[in-house]
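Okay, structure first, notes after.
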Amino acid sequence: MPDMNRGDLVMGIVGAGLMGRGIAQVAILGGLRVRLCDARPGAAAEAGAEIGATLSMLVGKGRLAREAADAALARLAAVEGLAQLAGCHVVVEAIVENLEAKRALFERLEAVVGDGCLLATNTSSLPVTAIAAACRVPQRVAGLHFFSPVPLMKVVEVIDGALTDPAVGDALAALARRLGHTPVRAQDTPGFIVNHAGRGYLTEALRVLGEGIAEPAQIDRILRASASFRLGPFELLDLTGLDVSCPVMETIYHQYYEEPRYRPSPLLRQRLAAGLLGRKSGRGFYAYADGRAQLPEAPPVPPASPLPLWVGSPECGARENLLRRLQAGGAHLDSGARPSPESVCIVLPIGRDASSTAVDEGLDPARTVAVDPLFLDLHATLMCTPLTAPAARDAVWAALAADGTAVSAIRDSAGFVAQRVVAMIVNIGCDIAQQRIATPQDIDRAVTLGLGYPLGPLALGDALGGATVLAILDALQAFYRDPRYRPSPWLTRRARLGVSLLTPEP
Ligand SMILES: NC(=O)c1ccc[n+]([C@@H]2O[C@H](COP(=O)([O-])OP(=O)(O)OC[C@H]3O[C@@H](n4cnc5c(N)ncnc54)[C@H](O)[C@@H]3O)[C@@H](O)[C@H]2O)c1
């Protein structure tokens, strides 16, 4: 096994496109000698020139010393033809995402390199095992999945195929560290960690949209404010482009034999057919003018109402907090054991909708308004039953907005928006742990670094409380009777035991 920290380590890179260029840049800066090649004549030399320009730009900005840039560039060789990769210690493939092309390339590579050379694929969506299976020595083949842009995205998934020697993965993890990246180790499964864990955010947000609960701008606003996501799901879809994200969603869904948790929305294909790709086509979930999203104006806060507010859901832990806030905002509170005939009834459901909660608490649905108790300190989301009078909704809206809190009013939904989206993210993260695809720590590391979430799915679940996430999912499953919401055994056990979702199982 070649030592990935040896001073004279030589890396071959096949494919001098976006990813190959990025990998070459971090590798030469990490002190490796790199031989970069591409099927298109001249492509490797062009890539070398581009890397040179990038390093000069970094020198110009004072982020890299001229000598270090020159020394790094001296370690880069653009080569024509695979034969020149003979003698490499490791070769990373970053060619077109096509299984047959990759299998054919690995077969040709094996005829060139020595048996001790490690072979890595940067594939995002193809099975590493299927690529390795075409090789004479499949044990030396693993995935080394970088993210774009490689120099900035500091995480690499090291993927063990069914035939990979674990020592190969260890060596590639050491190589990733040498390049200044954080390796996370994943079993060869669809989407590995990052693309698998990313399903919850987008598919559940699309489900909320598809069900007519809220508009894209509202959903984005709620998730940015409630759970500190940098980009809302629809902003993210528009940025990536539906032509890229729709096939990824469909592929993972089918690769998992139509697992309902990953079921994509029928909205996607229709929007794709209409050319509503996102930023790149000028219109997606938002319209763009001069590269900027045209956001609809937030509706104005209704005027304060004289209607008394009565708060139900006595078992909810956030009830006292809400009462204090309403009082501080000067709301007229009804503190009776039951609501007076004119009072607006506020309920605080977890995983349930306003209508069922009103009925179960014996309240008049025409006067009931539900407030999301879980994210109340960050953003107030309220929802109504189909019968709620607009005056009742506006009374709660005005009272919650009195201290400057942003309020979003949505249609009735089991689990509002943030509860159900966050619960899906946590549940999918738990199931990745349950399937032993990666360790709990690596799952959270991969998601924070690869997707930019404020917390990994397991830490996010701990922050809400495993039992609360379980309650949301149980309620969603009972409401929709859809196995999409069935809780992962990993979540159920840890919630029942009252321990962290990061608790491993030997
Ligand atoms: N673009 C991303 O964000 C991203 C992120 C992670 C992984 N990946 C994966 O990395 C790989 C490369 O993606 P990219 O975005 O750099 O693509 P790209 O189109 O920018 O570059 C691919 C390069 O490979 C060359 N090529 C194609 N077939 C070849 C062959 N048989 N032999 C040698 N060279 C060949 C092409 O000429 C091109 O220069 C794919 O497997 C992709 O799924 C891409």
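Please treat every number below as a calculation from the coordinates, not as lab data. What you are looking at is a predicted structure, and each value in this text was computed from that prediction instead of being measured. In this analysis, Cβ positions are derived from the backbone assuming ideal geometry, glycine residues included, and neighbour counts consider all displayed protein chains.
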Antiparallel DSSP beta bridges within the chain, as percent of all bridges there, nearest 5:
25 percent
Exactly which trypsin sites (Lys or Arg not before Pro) in the range 341-447 are in a DSSP loop and have at most 14 other Cβ atoms within 10 Å?
436
Taking every DSSP beta bridge that has both residues in the range 10-188, what percent is antiparallel when rounded to the nearest 5?
10 percent
Of all DSSP beta bridges with both partners in the range 309-405, the antiparallel percent, nearest 5, is 30 percent
Using +1 on the beta carbon of Lys and Arg, -1 on that of Asp and Glu, and nothing else charged, what's the dipole of the chain about the Cα centre, debye to 20?
520 debye
Counting other C-beta atoms within 10 Å, and keeping those with at most 16, which DSSP coil trypsin sites (Lys or Arg not before Pro) do you find in the range 30-131?
61, 63
Which of the GluC sites (Glu not before Pro) found in the range 307-358 are in a DSSP loop and have at most 12 neighbouring Cβ atoms, other than their own, within 10 Å?
315, 342
Put +1 on the Cβ of each Lys and Arg and -1 on the Cβ of each Asp and Glu in the chain; which of 62, 155, 451 then has its Cα farthest toward the positive end of the dipole?
62
So how many Å³ per residue does the convex hull of the Cα atoms of the range 196-294 work out to?
96 Å³
Jot down the radius of gyration and Dmax of the chain, Cα atoms only, both in angstrom.
26.4, 85
Among 4, 83, 73, pick out the residue whose Cα is farthest towards the positive end of the charge dipole of the range 1-98, where Lys and Arg carry +1 and Asp and Glu carry -1 on C-beta, about the Cα centre.
73
To the nearest 20 debye, what charge dipole does the range 308-405 have about its Cα centre, counting +1 at the Cβ of each Lys and Arg and -1 at the Cβ of each Asp and Glu?
80 debye
What is the chain's relative contact order, in percent, from Cα pairs under 8 angstrom and six or more apart in sequence?
12 percent
